[in-house]
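Only one structure is covered here, and it is reproduced in the block below.
The values are calculated or read from the model by the stated rules, or taken from the named source; none is laboratory data. Everything numeric here is computed off the predicted structure, so don't read it as measured data. Cβ coordinates were reconstructed from backbone atoms using ideal geometry, including for glycine residues, and neighbour counts include every protein chain displayed. Side chains included, ligands, DNA and RNA excluded: accessible areas come from the protein's heavy atoms. Shrake-Rupley method; radii C 1.70, N 1.55, O 1.52, S 1.80 Å.
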Amino acid sequence: MKKKKKTTLEIGHTSSLDKNTTKRLKQNNNISSKNSTLFPDVAAVANKSRVKHPKKSSVPNLHVDLRQCSLECKEDKLGRCNSGWMDRIEECPVYHPSMEEFNDPFVYLSKITPEASKYGICKVVSPLISSIPAGVVLMNENKNFKFTTEVQPLRLAKWDNDDKISFYRRGRNYTLRDFENMANKEAVRKYCSSGCLPSTYLEREFWNEMTNGKKGTVEYAINVDGSAFSCSSADPLAGSNWNLKALPHLHRCTLRLLKNAIPGVTDPMLYIGMLFSMFAWHVEDHYLYSINYHHCGAPKTWYGVPSNAALKFENIVQHYVYDHEILSVDGVDGAFHILAEKTTMFPPKILLQHGVPVYKAVQMPGEFVITFPRAYHAGFSHGFNCGEAVNFATGDWYPFGAEASHRYALIGKMPVIPYEELLFKEAMSLSCSNYEIQPNADLVSLHCLKISFACLVRLHRYARWRLKKSRPLLNIHSKSQGTIFCILCRRDCYVGHFMCNCYTDPICLFHESQICNCPCGSSCKIFIHDDTLEMEAVAKMFEQEKRIHNEVERQMKHFSYLWKLNMVHQIEDEYIPFHEVKSSKKSRCEGFEKSRIRWRSSTKAKRTVKNVSATKFSRKRPFRNKSTSTS
């Protein structure tokens, strides 16, 4: 048998479980793999290569759905799941940053993202250890800390009208100590030990329980308010930028621009589990990044699917997991809508059989797991444990955010964060030279930010132009209010919206058919942001970079699907994009009823253009590091 070569990461760290991690696993398992016939050798899992993708099935029409998968397990002589497919799941990358690299999480993440994002998930092993245990923090710094659990059935559903899974039946109220005692008793009852068993053994046991289970349940405390990161200045990890209470508010995180805190998104939440507590297949809200820190207790097994396979994942779920009768929307959007409820659990075997790449991680205490934008993930606990998670975003998230925004509007899903407002504030802060540029750190993020902003400005300008051509008497006014939501599709409207007497609330500018057929006459108004002129000046300056302009041109050939559905007719007049319009004030305001728009002074607009033209990102002359206003 040929010996496999050790794979190394771009930054020079080994990607598979290293010797220290394997040693920790064996110590935690408290069992010798050499003398055991019941448990597999942990090192056998550790030495697998993670770079090789699972082979795609050559069978054109595989009719192996969730029910067949369950049936195959039940027909096994020992009543155990055939675990061959588990051995085919490669491990995700594992990174070991030095103390220096660990100093700035976003600089470090920008280094590993080009490789790690291909796997959907990755692990980062912290070089710092918390000096104050999570239990002590929760008991001493959060007085009277208690939480309520939710009950999870340990079985696979048929996912039709008669059989769906809900994780949201209310459990009991616990202190941390009471829950740990209960969880340990359950582990002893099942396996005569509350200690950590080998991850490969528990993985087989979990899926055996799920496929053969009928009435078994577990409890899981999810979305618990609070943090187990200490407030003490003596705690090295809590004092670092990897403290999840601080990370979303750092300068390079887009979510710092949000006015109000959002639990679980900008503020971390706790997740306290027991043996076989699970988190079902899902993507993060708005396809955001997420970061999860394992404070204490038994490991967790994670599964991840990279973003480039997300659509294929949804197709498989639509056809092989869900019955068509439960889909409220046709196609993959119907599957996405149910997956968003975070109750769908099924074995990755189904994905492997249909050529969807899946990767695995076993998260130990002291390790971070990062999920990348639009990466589906799921997993389960090996016993009592306590983790903490929060979302974050950098500039390279904006294209994913735009895609999520369009999709939310298609299915009428209420946004959690105001995408347009975040993009506007980030781009305008860049134009004012408030964005600190570091070599090899932010160039990809800046590229994505500029393209997304220019596309957004172009879309809104073209929408206003079409509406004005269709209804020449339509009045246009400026507005200074923040984000509001469309009453028809719930899209967040920050740049502009439409108001009339037919609707009690605003609608976005992409409902052309409703606006053009509105009988309100002169009472119809379009409201646009006060800074529209400046936004167009900034976007025009961004497009002076050839790479930016070419990509914007390519993306603008494919209008939003939602908008296409609501277009009334083809307009024959030739539209002139803003980047082709001459810089005179008259031509800039083309398409607007200028007498009704309170444009800001041309001097301010010129100053904005001047600031943007200065952002050539010279590494010899760094930018001033000013704090960006979030108001």
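Overview of results
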quantity	calculated
Shape category assigned to segment 156-202 from the gyration tensor of Cα positions, a/c cut at 1.5	oblate
Inter-label distance for ASP160 and GLU115, nm, one decimal - labels placed 7 Å from Cα along Cα-to-Cβ	4.8
Two-site FRET efficiency, VAL151 against MET414, from Cβ-Cβ distance with R₀ of 30 Å, rounded to 0.05	0.65
Amide hydrogen neighbours beyond the local backbone of VAL218, cut-off 5 Å, H modeled	GLN152, LEU154
Alpha-carbon centroids, segment 496-542 and segment 168-217: separation in whole Å	54
Length gained when the stretch ASN144-LYS342 is fully extended (0.36 nm per residue, less Cα-Cα span)	68.3 nm
Calculated FRET value between ASP225 and VAL444, using beta carbons and R₀ = 41 Å, to 0.05	0.75
Cα gyration tensor shape for segment 319-416, rounded if a/c is under 1.5, else prolate or oblate	oblate
Segment ASP505-VAL107, extension gain: residue separation times 0.36 nm, minus the distance between their alpha carbons	139.0 nm
J(HN,Hα) series, segment 199-210, from Karplus relation 6.51 cos²θ - 1.76 cosθ + 1.60, nearest Hz, glycine and proline x	5, 5, 5, 5, 4, 4, 5, 4, 6, 5, 4, 5
Net charge dipole size for segment 213-301 [Lys, Arg +1 and Asp, Glu -1 on Cβ; Debye, nearest 20]	140
Accessible solvent surface per residue of segment 466-554, calculated while the other protein chains remain in place, 1.4 angstrom probe, Å²	40
Contour excess over end-to-end distance, with Cα ends at ASP330 and ASN241 and 0.36 nm allotted per residue	27.7 nm
Accessible surface ranking that places the most exposed of LYS468, LYS123, LYS146 first, with a 1.4 angstrom probe	LYS146, LYS468, LYS123
Entries of LYS111/LYS479; LYS123/LYS143; LYS245/LYS546; LYS259/LYS525; LYS111/LYS164 with Cα pairs more than 30 Å apart	LYS111/LYS479; LYS123/LYS143; LYS245/LYS546; LYS111/LYS164
Spacing of the two label points (7 Å from each Cα toward its C-beta) at TYR191 and ASN475, in nm	7.0
Amide N proximity, segment 402-433 versus ARG554 label position 7 Å along Cα-to-Cβ, cut-off under 19 Å	402-404
Per-residue HN-Hα couplings for segment 381-392 [Karplus 6.51, -1.76, 1.60; θ = phi - 60°; Hz; x = Gly/Pro]	9, 8, x, 4, 7, 9, x, 9, 9, 7, 9, 7
